[in-house]
1. Can you find a residue that is closer than 19 Å to residue 115 by Cβ, in the same structural domain as residue 274 (by TED's automatic domain parsing), at pLDDT 95 or above and polar (S, T, N, Q) anywhere in the stretch 164-176?
2. For the stretch 225-245, does any single residue satisfy the condition of being at pLDDT below 95, in contact with a helix residue (DSSP H, G or I) (Cβ under 6 Å, 6 or more places away or on another chain) and polar (S, T, N, Q)?
3. So the check is Cβ under 7 Å with 6+ separation or different chains; which pairs have a first residue in the stretch 19-40 that's among the charged types (D, E, K, R) and a second one that's assigned to a strand (DSSP E or B)?
4. Within the stretch 1-59, which residues are assigned to a helix (DSSP H, G or I) and among the charged types (D, E, K, R)?
5. Against the conditions (1) surrounded by fewer than 19 Cβ atoms within 10 Å (Cβ to Cβ); (2) assigned to a loop (DSSP other than H, G, I, E, B), where does residue 65 fall short? Just the number, please.
6. Residues in the stretch 68-93 that are hydrophobic (A, V, I, L, M, F, W, C), surrounded by fewer than 24 Cβ atoms within 10 Å (Cβ to Cβ) and touching a residue at least 40 places away in the same chain (Cβ under 8 Å): how many?
Amino acid sequence: GLGAMGLPMARRLSGELPLTVYDIAADRRAAVATEGARDAVSPAEAARDADVVVLAVRDQAQVEGALFGEDGAAETLRQGTVVVLTSTVGPEAARSTAQRLAGHGVLTVDAPVSGGPVRAGNGDLLIVVGADDVALKTARPVLDLLGSTLTVVGPRPGDGQALKAVNQLLAGVHIAAAAEAIALARGLGLDPAAVVDSLEHGAAGSFMFADRGPRMVQAYDEGPEPEVKSRLDIFVKDMGIVTGIAKDAHVPVPLAAAAEQLYLLGERAGLGARDDSSVVTVLSPRSSDNTTGEGR
């Protein structure tokens, strides 16, 4: 997969290790091929003779398709090959995928990543891992190129997904909180850009506020839409995983549940394929008249 995260990850690996890439978008494959990678026409071809296969796709349905669908990688995976699952799919999905791959004699490293496209391209990702020692040793040269922080959570696929769900709870709530803050600032007649510039340096700041805040401000500009670095519907998926596993664990997560509803509202409003920063327009539509705010 050569999407928002997969493309910079592939570019990071290209030139450092022999690399074959596949994506349904031929232009993305061609872009990496010009940088030293080999362009495959199917997951099966991409996985042929590979020691390590890295999956960077959107959801479990795409994982299933890439591995077990028509021309899926499972057709050509050799015994002892390691599949590195970098996507956020949830603990149970990771475990079931690992079980199916084990039937082919293939090992799994559950290694969801966090950090965004820029950090992916710089090899500065946070990677949380669930894998046994044998699988991790084989995958380690790849993971070390992609991540600056690697935390081994446990020995089983699914362990990494559990910690990634906690990460996504925080990330999703922080984006929603940033959207509320900027919406309130607009309602009070404040300049949102000045609000972001000021608050990102204080105690109320966060990585998500500093990263998404400028793009939320850009959402109200007359110019082009903010670049899509993380689709809004990704957080619909991820917060659904968070609230689902929290329910199974009988742990209340009221803030995560509220954030999930905000992302669902954004998706219903047609923002699913836009950058997740666009969720701010659900709370403070572009057409709002902010000239009467008390902050004037």
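The values are calculated or read from the model by the stated rules, or taken from the named source; none is laboratory data. What you see is a predicted model; the values in this text were computed from it and never measured. Cβ placement follows ideal geometry from the backbone for every residue including glycine, while neighbour counts extend to all protein chains displayed.
1. Within the stretch 164-176, one or more residues are closer than 19 Å to residue 115 by Cβ, in the same structural domain as residue 274 (by TED's automatic domain parsing), at pLDDT 95 or above and polar (S, T, N, Q).
2. Yes; the residues of the stretch 225-245 include at least one that is at pLDDT below 95, in contact with a helix residue (DSSP H, G or I) (Cβ under 6 Å, 6 or more places away or on another chain) and polar (S, T, N, Q).
3. 29/21; 29/39; 35/14; 38/20; 39/21
4. Initial filter on the stretch 1-59 (assigned to a helix (DSSP H, G or I)): 6-13, 26-33, 43-47.
Correct list: 11, 12, 27, 28, 29, 45.
5. Every listed condition holds for residue 65 apart from (2).
6. 1
Yes/no per residue for (1) under 27 Å from residue 254 (Cα atoms); (2) among the small types (Gly, Ala, Ser):
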residue	(1), (2)
136	no, no
143	no, no
148	no, yes
164	yes, no
171	yes, yes
